[in-house]
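Peer 1: My questions all concern the structure below.
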Amino acid sequence: MIPDRPLIRCIGCGFAIPLALLLVPSAGVAQVVSGVPDTVTLAPDSSDLRGRARSAQAQYERRRLRYLPVTNVSFTDACDERVGRFCSWYDEGDWYPQPEPPEVEELRSALLTVLDSVQRHLPGDGWVLGQRVWYHSEAGRREEALRAGQACGAVEPWWCAALQGFALHGLQRYLEAETAFERSLLLMDKERAQEWRIPRREVDGDSRRILDQLEGAPSDSVSAVLDRLWMLSDPLYLVDGNDRKTEHYARWTVTTLKERARNPFHIRWGKDIEQLTVRFGWEIAWQRSIDRRSILDGSNVIGRKHPERRDYMPSGSALESPGRATHQDLLADKRRPPSLYAPAYAPQLLPMEGQLAVFPRGDRMIVVGTHFLPEDTTVHAEHHHDVPWLAAGEQEDMRDRGGLFLVSSDQAPLRSNRSLGSAEGVLTLEAPVGSYIVGTEAWSPSQRRAGRYREGVEFRPVPEDIAALSDLLMLRSTADPPTLLEAAIPLALLRTDVRRGQTFAIGWEVSGLGFRPETLSFEVTVNRVDRGLFRRIGEFLRFSDGPQRVSLAWQEPGPEQPSPLFRYLDLNLDSLAPGVYEVEVTLRTSGRSEVASVRRFRVRDG
């Protein structure tokens with residue numbers, strides 16, 4: 001009979017591994033460690049220089065365990081996902097990293113002294129170089145990590161470039177990091193380059209099927225799909241470069257430098273650790289947990305990953321047809337994610353429900369977007385302690401900013417309108433009609449918080465005499481109603497929620513009129529849309545009041561000359577109860593098809 005064995009657990013995709021030698025498990029127990037640490041490989045003979053470096057690295061990982069903070073984390077809960085020997089969770093809860101003990105800093109400095117000395121005698125040793133870059137980075141000395149990677153001597157050029165890219169990514173120099181990684185991909189062998197380039201593990205099933213079709217495809221086709229994928233995954237267009245892309249390559253670099261090194265889990269590096277590193281990143285802190293089921297001393301190591309990670313990779317439907325992507329397709333989420341990532345410049349990147357409205361004008365269109373900084377809704381918002389990843393640091397003097405972006409599905413240059421000095425406002429862009437990802441963004445560098453809203457839009461050129469109805473734009477009420485879109489834009493409400501009793505207006509535009517005399521019939525309706533099933537049954541049986549509905553209709557002559565027609569309407573909706581509503585404008589004209597436009601909004605108390 002095999003006695004109970006400690007489980008290997010991952011907390012928020014951190015991991016707990018027993019330090020004792022473990023029994024070989026019976027078949028089918030996926031969460032139990034298989035085998036024992038390979039002490040021959042992990043603690044090589046220190047009589048030669050390379051052996052001395054490997055021995056020093058293994059000794060550091062072994063000795064620092066005694067200084068790790070202790071936690072009473074329970075290992076009895078069911079995991080979110082099993083990967084090989086590991087059981088993982090997607091949420092770190094209310095954990096946050098504590099300052100590193102000075103003893104660990106001293107141990108690491110001693111290790112780097114050994115590694116630097118060995119590197120001088122073995123300038124072509126890529127393993128030693130990788131450890132030097134890694135441990136400098138782990139200590140927060142990223143400039144030293146970059147200098148080590150740049151002074152790579154006779155190390156293989158592809159590995160030098162990858163290490164430089166890793167260090168540049170850590171310095172948030174993403175454009176340079178991308179250049180370094182591209183150079184590395186060109187220099188490494190084709191099989192490795194193929195594995196690094198195509199992020200099959202980090203996307204959903206639909207996207208993976210699209211990527212699988214790239215096997216054997218022409219290089220231009222492969223590049224087009226990957227360029228689209230990384231364009232959609234970029235966390236903030238306000239930040240130069242694509243840090244989600246460079247993070248992907250940085251993770252592959254880390255798996256490569258760690259696969260032949262001692263790790264704190266004290267088990268062989270394997271495909272499961274590789275997969276978890278590529279999907280969720282590397283650990284940012286370590287703890288020890290006392291597990292009563294441990295065979296010997298009960299010490300377990302927990303690797304902690306960043307608490308603010310989200311999934312920035314696009315859905316398969318968005319990758320296939322960006323212009324038809326919904327907001328949900330492009331939402332940075334945490335629910336059962338294929339991969340997770342936290343941008344260093346804004347770990348709190350939150351949904352931003354502002355306004356986005358398109359005003360078509362023949363073969364052109366005007367896009368209006370509002371932006372604001374979302375409130376901190378994370379688990380630490382009400383905690384009275386320092387949150388290390390939100391410290392302003394080198395971003396303290398950077399000004400708040402916002403942006404409106406149009407990214408063409410065919411990889412045409414990004415169109416943008418940016419504001420500097422404020423994280424809230426309204427911006428506009430004019431562009432040819434077509435298929436785009438349109439996004440609004442707000443970023444406060446000093447708070448390391450950002451908000452974004454993205455969705456796909458597709459518009460084809462409309463003949464100049466065909467009526468086209470724009471989106472609806474929620475506006476502040478004014479005694480001087482605007483007659484042109486340009487005058488209405490400064491009145492746009494930043495958010496689509498209003499206080500109970502608040503008066504607001506809507507504005508819209510009709511193009512394609514004025515080519516002949518005609519009468520326009522407008523109808524505006526407001527309907528509540530968040531009624532539950534039992535509420536609807538009660539209304540049907542007349543046990544409760546019916547849904548609140550407001551309706552208004554009128555007729556007016558069309559314009560005498562071809563030009564866009566802008567309309568402004570005050571809505572007095574102070575009788576609406578809190579809830580979610582839709583306002584719909586419908587246009588009917590003789591001999592034309594009926595057109596309608598809808599805007600959803602929320603009424604809240606207070």
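The values are calculated or read from the model by the stated rules, or taken from the named source; none is laboratory data. Values in this document were obtained by computation on a predicted structure and should not be read as measured data. We place every Cβ from the backbone using ideal geometry, glycine too, and count neighbours over all the protein chains shown.
Peer 1: Does D220 fit the bill of being at pLDDT below 95, farther than 22 Å from P337 by Cβ and of a type outside the set (K, R)?
Peer 2: In short, yes.
Peer 1: Turning to a different aspect of this structure: Among the residues of segment 548-567, are any at pLDDT below 95, surrounded by 13 or more Cβ atoms within 10 Å (Cβ to Cβ) and more than 30 Å from A479 (Cα to Cα)?
Peer 2: Checking segment 548-567: not a single residue is at pLDDT below 95, surrounded by 13 or more Cβ atoms within 10 Å (Cβ to Cβ) and more than 30 Å from A479 (Cα to Cα).
Peer 1: Also: Looking at V254 and the list (1) of a type in the set (A, V, I, L, M); (2) modelled with pLDDT under 95; (3) buried (at least 18 other Cβ atoms within 10 Å of the Cβ), which single condition is not satisfied?
Peer 2: (2)
Peer 1: While we're here: Please specify each residue of segment 413-439 satisfying the condition of being in contact (Cβ under 8 Å) with a residue 24 or more places away in the chain and outside any strand (DSSP E or B).
Peer 2: Result: L414, A423, E424, V433, G434.
Peer 1: Taking the criterion of being within 26 Å of R304 (Cβ to Cβ) and buried (at least 18 other Cβ atoms within 10 Å of the Cβ), would at least one residue in segment 175-195 satisfy it?
Peer 2: Yes, segment 175-195 has at least one match.
Peer 1: Same structure, new question: Counting just the residues of segment 320-373 that are over 16 Å from G439 (Cα atoms) and of a type in the set (A, V, I, L, M), which one comes out surrounded by the fewest Cβ atoms within 10 Å (Cβ to Cβ)?
Peer 2: Here the residue is A344.
Peer 1: Out of segment 568-602, which residues are closer than 16 Å to L473 by Cα, under 36 Å from the mean Cα position of the chain (by Cα) and hydrophobic (A, V, I, L, M, F, W, C)?
Peer 2: Of everything in segment 568-602, those that are closer than 16 Å to L473 by Cα, under 36 Å from the mean Cα position of the chain (by Cα) and hydrophobic (A, V, I, L, M, F, W, C) turn out to be V583, V585, A596, V598, F601.
Peer 1: Let me ask something else about it. List, please: which pairs have Cβ atoms under 8 Å, are six or more places apart or on different chains, and start with a residue in segment 378-405 that is within 24 Å of T440 (Cα to Cα) and at pLDDT 75 or above and end with one that is in a loop (DSSP other than H, G, I, E, B) and polar (S, T, N, Q)?
Peer 2: D400/S422; R401/S422; G402/S422
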